[in-house]
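**Student:** Have a look at the structure that comes next, please.
The values are calculated or read from the model by the stated rules, or taken from the named source; none is laboratory data. Note that the structure is a prediction, hence the values are computed from the model and not measured. Cβ sites come from the backbone with ideal geometry, for glycine too, and all protein chains shown count toward neighbours.
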Amino acid sequence: MSKHSRRKKGKSARRSQSQSTTSSENFEEGFDVTDDGPIFEVKTSKVMGRYMVSRKNLKPGDVILSEAPLVIGPCTGCKVQCLGCYKTLESSFCTKCTCGWPLCSPKCKGLGKRFGHSQVECAVLKATKSSKFLNYDNFEEMRPNFNAIVPLRCLLLKETDARSYQHLMTMETHNEIRRNIPELWQTNQRTVVDKIRIDWGLREYSQEEIHSVCGILEVNSFEIGQQGVNIRGLYPSAFLMSHDCVPNTNHIDEESTFRLTVRASTRIEPGEMITLSYAYTLQSTLKRREHLLENKFFECQCRRCSDPTELGTFTSALICPKCKDGFVLSSNPLDPEADWTCSNYNKCPGYKISAKSMQLLLDKITQEVDNIDCNDVITMETFLKKYRNVLHPTHYINLSVKLSLSQLYGRINGFLIDELSDEVLTRKLEICEEIIKVFNVIEPGFTRLRGVTLYEMHAPLMVLLTRQFERHCTKSELRSKLKKVLKCLEEASVILGYEPESSPEGMMGVAAKDALVKIRDWEKILGRF
Ligand SMILES: [Zn+2]
Ligand SMILES: [Zn+2]
Ligand SMILES: [Zn+2]
Ligand SMILES: [Zn+2]
């Protein structure tokens, strides 16, 4: 099934609730300056490294920073793509640059551009005869060559933009930890270090230096790009935001300039840490912590991770098979090996499931979900029914299915909004209301997930209301219902108004604004609501 929220990666910082009060050892100036001083400052502690703290009272939507990248390029493991504009290429639709690397067309808009295929890069790739390793008859075999492109771009900054290079080299590498993960270190050695030094013969860059660049990219880069392009970028200050499984910011990247803009998603007080989530928030604690440990090299101990109920959202909870009304929760969510026990201590004393059995069960259910076609509403509903006595209604697996359903009802053939029965419309509404309660906790404020779900919620409300109007209901009943629609749309249009207009979320934002205008017409007929 498709994921609906892009996971953006960032810098790792070792942090925990108890550590978050660590006194700062020194201060740095914030990068963004407003009329009355910087918005944030950078603090340093032994445990957390550098992290970003607000100096202002910020409200949702306030811009914290907006900056151009230092470097961007293809993600590790990406498909064969144009080196200029990063469009994914098929073998029959590509041309070769003079350096021998693939382009979408000889007139690609990224040709000769700093954040595309620059002249310097082209000259180096040509001089090193790097294209002799590109087999145009086998795109699959060609893919690993792209892993070395961004590291090369970082190294080239040494000559072309020494300031950016120096700045980049101050970022965390986690070399000590990464060196002890043989699979990771050896893959980098083979596909990046040896590629640059041996295949391309660029011996002026040392092994250690290239491994450090790999580490900097793994730890600090952001996945960016609209509409299926697969690119990553390093930014001058955004990497300083530390991780939290309940983040207080939201960020977007601009399609043509790759500029990254970070906004507060909730209220942020002076002195409060500015955070983003490096893990997908619609995952269980076990999954998020596993991802963070493997990819960002730290063990998250945030408030959400430390609480077996995940702040009352029950996104990891199962329904107790024994008493049927307790919830099966981890006895220690910070220990992946800990047993799972029933929350109903009186009825189910001593009941437990081992971490291993729990994992097996979840793997089996996950596989089942992954096999559902991403437009198959009926099978999704059948799945929810099948596991209604096993998974908590807001278990993360159910949440992902419900998020899909919230967007499919009203949008796909056979389920277009005007064709839906009152019953199905009510179902869509019920799902939206259920999932937004969870999003209010794990992605609170002005976040993409909330914006999209609020938008989805307005549609069934509006259609149900129109039908009721036709069946005659009182003006005051209508007014109070319209008020609810208005509230959804107003918030959705503000939140989605920050998204790039060409993105699906941005288009939803435009639609929300149009719908608002129509509701105002109702207001004219009915009087203010
Ligand atoms: Zn191109
Ligand atoms: Zn070229
Ligand atoms: Zn956490
Ligand atoms: Zn029980």
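**Student:** Name the residue, out of Val47, Val120, Val71, Val63, that is away from ligand 4 (no atom under 16 Å from the Cβ), modelled with pLDDT of 95 or more and farther than 24 Å from Glu254 by Cα. Working first, answer last.
**Tutor:** Details: Val47 fails: modelled with pLDDT of 95 or more; Val71 fails: farther than 24 Å from Glu254 by Cα; Val63 fails: farther than 24 Å from Glu254 by Cα.
Among Val47, Val120, Val71, Val63, only Val120 is away from ligand 4 (no atom under 16 Å from the Cβ), modelled with pLDDT of 95 or more and farther than 24 Å from Glu254 by Cα.
**Student:** Next up: Which residue out of Leu156, Leu111, Leu83, Leu103 is in contact with an Asp or Glu (Cβ under 9 Å, 6 or more places away or on another chain) and within 12 Å of ligand 1 (Cβ to nearest atom)?
**Tutor:** Numbers: Leu156 fails: within 12 Å of ligand 1 (Cβ to nearest atom); Leu111 fails: in contact with an Asp or Glu (Cβ under 9 Å, 6 or more places away or on another chain); Leu103 fails: in contact with an Asp or Glu (Cβ under 9 Å, 6 or more places away or on another chain).
After applying the criteria, what remains is Leu83.
**Student:** Further question on the same structure: Report yes if Val441 is farther than 22 Å from Gly410 by Cβ, under 23 Å from the mean Cα position of the chain (by Cα) and assigned to a helix (DSSP H, G or I), otherwise no.
**Tutor:** yes
**Student:** Please go through the range 319-337 and give me each residue that is within 22 Å of Val246 (Cβ to Cβ) and either within 16 Å of ligand 2 (Cβ to nearest atom) or crowded, with 17+ Cβ neighbours inside 10 Å (or both), ordered by number.
**Tutor:** Of everything in the range 319-337, those that are within 22 Å of Val246 (Cβ to Cβ) and either within 16 Å of ligand 2 (Cβ to nearest atom) or crowded, with 17+ Cβ neighbours inside 10 Å (or both) turn out to be Phe327, Leu329, Ser330, Pro333.
**Student:** Still on this structure, I have one more. Would you mind finding the one in Leu293, Leu334, Leu276 that is farther than 30 Å from Glu433 by Cβ and under 19 Å from the mean Cα position of the chain (by Cα)?
**Tutor:** On the way: Leu334 fails: under 19 Å from the mean Cα position of the chain (by Cα); Leu276 fails: farther than 30 Å from Glu433 by Cβ.
Just a single option satisfies the conditions, and that option is Leu293.
**Student:** Taking the range 427-469 on its own, how many of its residues are crowded, with 21+ Cβ neighbours inside 10 Å and among the basic types (Lys, Arg)?
**Tutor:** Total meeting the criteria: 3.
**Student:** Give Lys347, Lys352, Lys296, Lys322 a once-over and let me know the one that is closer than 30 Å to Thr173 by Cα and at pLDDT below 95. First the steps, then the outcome.
**Tutor:** Details: Lys347 fails: closer than 30 Å to Thr173 by Cα; Lys352 fails: closer than 30 Å to Thr173 by Cα; Lys322 fails: closer than 30 Å to Thr173 by Cα.
On inspection, the qualifying residue turns out to be Lys296.
**Student:** Then there is this: Please determine whether any residue of the range 156-179 is among the aromatic types (Phe, Trp, Tyr) and in contact with a Cys (Cβ under 7 Å, 6 or more places away or on another chain).
**Tutor:** Applying the first criterion (among the aromatic types (Phe, Trp, Tyr)) to the range 156-179 yields 165.
Remaining after also requiring in contact with a Cys (Cβ under 7 Å, 6 or more places away or on another chain): none.
Within the range 156-179 (the criterion being among the aromatic types (Phe, Trp, Tyr) and in contact with a Cys (Cβ under 7 Å, 6 or more places away or on another chain)), the answer is no, since none of the residues qualifies.
**Student:** Between Cys122, Cys108, which is buried (at least 17 other Cβ atoms within 10 Å of the Cβ) and assigned to a helix (DSSP H, G or I)?
**Tutor:** Details: Cys108 fails: assigned to a helix (DSSP H, G or I).
Answer to the check: Cys122.
**Student:** Assess whether Gly414 counts as being at pLDDT below 95, within 16 Å of ligand 4 (Cβ to nearest atom) and either out of contact with any Lys or Arg (no Cβ under 9 Å at 6 or more places or on another chain) or among the small types (Gly, Ala, Ser) (or both).
**Tutor:** On the way: at pLDDT below 95: yes; within 16 Å of ligand 4 (Cβ to nearest atom): no; either out of contact with any Lys or Arg (no Cβ under 9 Å at 6 or more places or on another chain) or among the small types (Gly, Ala, Ser) (or both): yes.
When the stated conditions are applied, Gly414 does not pass them.
**Student:** Turning to a different aspect of this structure: Filter the range 254-308 down to residues that are among the hydrophobic types (A, V, I, L, M, F, W, C) and under 23 Å from Glu491 (Cβ atoms), then give me how many there are. Break it down stepwise before answering.
**Tutor:** Step one: list which residues in the range 254-308 are among the hydrophobic types (A, V, I, L, M, F, W, C), which gives 258, 260, 262, 264, 268, 273-274, 276, 279, 282, 286, 292-293, 297-298, 300, 302, 305.
Remaining after also requiring under 23 Å from Glu491 (Cβ atoms): 262, 264, 268, 274, 276, 282.
Result for the range 254-308: 6.
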